[in-house]
Amino acid sequence: MKHKNIGFNSKLIHGGGFEDALGSATVPIYQTSTFKFKDADHGAACFAGESDGYIYTRIGNPTISALENQIAELENGFGAVGVSSGMAAVTTIYMALLNQGDHMVSSAAVYGPSRVVMEQHFSRFGVESTYVNTENIEEIKAAIKPNTKVIFIETPANPTMAITDLEAVAKLAHENKCLLVVDNTFCSPYLQQPLNLGADVVFHSMTKFINGHADIVGGIIIAKEEAYYKKLRTMMINMGCNMDPHQAYMVIRGLKTLGIRIDRSQENAMKVANFLEKHPKIEWIKYPGLKSHPQYDLCCKQMKGFGSMISFEVKGGVKAGKVLMDNVELAILAVSLGGVETLIQHPASMTHSKMEKASREAAGITDGLVRFSVGIEDVEDIIADLDQALAKI
Ligand code: LCS
């Protein structure tokens, strides 16, 4: 790369080292499914891996490569593999790193489908799993078995905002010859770089902060070492869950403002959290930036900022929470998160509804929990909106 010693925000604009023969200043959309070979020998060399020419878009495409190279650099990994969605990242990781008879230990509170696909589908192929409260390292230690191959962590966890100590888990994983995989969706590389804390593989739903504009779905996996990068890329190619060049172009465009979007949304989130914490109708609130968060010190240690995700419960449980959700006017009642717009949703009946109720409760996803993704609007408007909706309870 040309610019070696530049800061994170500069890398968002200039990172990845993209260049093309026409001197394009931004990355164009290479909207093609296939690429011409110069001659038969060149085609054979591309397939043999002796030439790095492009072959076919499921295997690789210049627009997608530009995004992969940029994100690999931001996460400090060997390489990145773009995929069609965050869930495509999850299934590619499970398929590439786990075999029949293997076991995985994971956070009880992870994005619902990450758990459902393991417990209800990979179990059909003989992969075992145990879900524990990974805030407590002793629970992870107790769950490790001789056949444990992967520890799969989401921190902060969706939607409980529980934090896992990445350095401690990385050490434990490696002592037990396991790989540490981290879902970094809630932070993005701007706030947390798990590979620098010892993780082996990191992934994102780029649908969220990385793209940031609620207009595409996408995922990416970053590996620290070449061997795992190759395994993951081969699995993505064979499963056919590649990104599309237009989707990659949209993410490259959104990524440029990641730093300024997160700065603004987390500044707003801190003010919203302070407002909610003092509000008489709030039963409890969990936000990494509040001293009342049980792992506040750990948040300060491993995250560069507190992010913009808040979970809370209104006094009066589900019924009162529904009144709140039905009466907000600025915040949009919708799933997803990490975009420029403020969103509100109810995990027990929406994002985490396919999880067993007992598993949800054990993970701290109470029926009354409301999840709030703070956007970049004027914070006075976000607070006024919550205030008027809370007054209706
Ligand atoms: N990991 C986390 C932490 C997520 O929040 C999500 C999606 C995924 C993975 C999957 O990514 P996708 O396939 O949707 O790109 N989370 C969602 C949520 O909380 N509401 O809607 C989607």
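The values are calculated or read from the model by the stated rules, or taken from the named source; none is laboratory data. Here the structure is a predicted model, which means the values were calculated and not measured. Cβ coordinates were reconstructed from backbone atoms using ideal geometry, including for glycine residues, and neighbour counts include every protein chain displayed. Ligands, DNA and RNA are stripped out before the accessible areas are found, and what is left, the full protein with its side chains, is counted by its heavy atoms. Shrake-Rupley method; radii C 1.70, N 1.55, O 1.52, S 1.80 Å.
For the reader, a short list of remarks on this structure follows.
- Extended-chain gain in nm, criterion 0.36 nm per residue less alpha-carbon gap, residue 147 and residue 5: 46.9 nm
- Simple spin-label estimate for residue 100 and residue 168 gives 3.8 nm between the two label positions (7 Å along the Cα-to-Cβ direction from each Cα).
- For region 114-164: rounded, prolate or oblate by the Cα gyration tensor [a/c cutoff 1.5]: oblate
- Across the accessible surface of the chain, with the other protein chains kept in place and a 1.4 Å probe, carbon and sulfur atoms take up 53 percent.
- Residue-span extension gain [residue 350 to residue 19] - 0.36 nm each, minus C-alpha spacing: 114.9 nm
- Per residue accessible area in Å² of the chain, where ligands, DNA and RNA are left out and the probe is 1.4 Å: 42 Å²
- A cut-off under 12 angstrom between Cβ atoms defines the neighbours of residue 264, and their net charge, with Lys, Arg +1 and Asp, Glu -1, is -2.
- Whether region 159-235 is rounded, prolate or oblate, judged on the alpha carbon gyration tensor where a/c under 1.5 counts as rounded: oblate
- Treating r as the C-beta distance of residue 31 and residue 301 and R0 as 56 Å, the FRET efficiency rounds to 0.80.
- Contour minus Cα-Cα distance for residue 120 and residue 362 (0.36 nm per residue): 85.3 nm
- Straight-distance crosslink candidates among lysines, where the alpha carbon sits under 17 Å from residue 301 and sequence neighbours closer than 8 are dropped: 171, 291
- Heavy-atom accessible area order for 351, 92, 257, largest first, 1.4 Å probe: 257, 351, 92
- Convex hull of region 294-393 built on C-alpha atoms - directionally averaged projected area, nm²: 7.2 nm²
- Placed amide H near residue 98: partners under 5 Å, 5+ positions off or other chain: none
- Per principal axis, descending, Cα span of the chain in whole Å: 73, 50, 35
- Cross-linked pairs 145/208; 256/286; 231/357; 256/304; 304/357: Cα-Cα separations exceed 27 Å for 145/208; 256/286; 231/357; 304/357.
- Label-to-label distance for residue 246 and residue 44 is 3.8 nm, based on points extended 7 Å past Cα in the beta-carbon direction.
- Our coupling estimate for region 328-342, obtained by passing each phi through the Karplus curve with A = 6.51, B = -1.76, C = 1.60 and θ = phi - 60°, is 5, 10, 8, 5, 8, 7, 7, 6, 6, 5, x, x, 6, 9, 6 Hz, Gly and Pro reported as x.
- Counted charge near residue 226, where neighbours are those whose Cβ lies closer than 13 Å (Asp, Glu -1; Lys, Arg +1): +2
- Theoretical FRET efficiency, 1/(1+(r/R0)^6), r = Cβ-Cβ of residue 387 and residue 139, R0 56 Å, to 0.05: 0.90
- Lys/Arg +1, Asp/Glu -1 at C-beta; the chain dipole; positive extreme among 76, 110, 43: 110
- Dipole magnitude for region 8-255: about 340 debye, using +1 per Lys or Arg Cβ and -1 per Asp or Glu Cβ, origin at the Cα centre.
- Long-range Cα-Cα pairs in region 203-326 (distance over 22 Å), rounded percent: 55 percent
- Based on Cα contacts under 8 Å between residues 6+ apart, the chain shows a relative contact order of 17 percent.
- Peptides ranked, highest mean first, by Cβ atoms within 10 Å: ranges 361-369, 155-163, 265-273: 155-163, 265-273, 361-369
- Local electrostatic count at residue 189 - Lys and Arg +1, Asp and Glu -1, tallied over other residues with Cβ under 15 Å: +1
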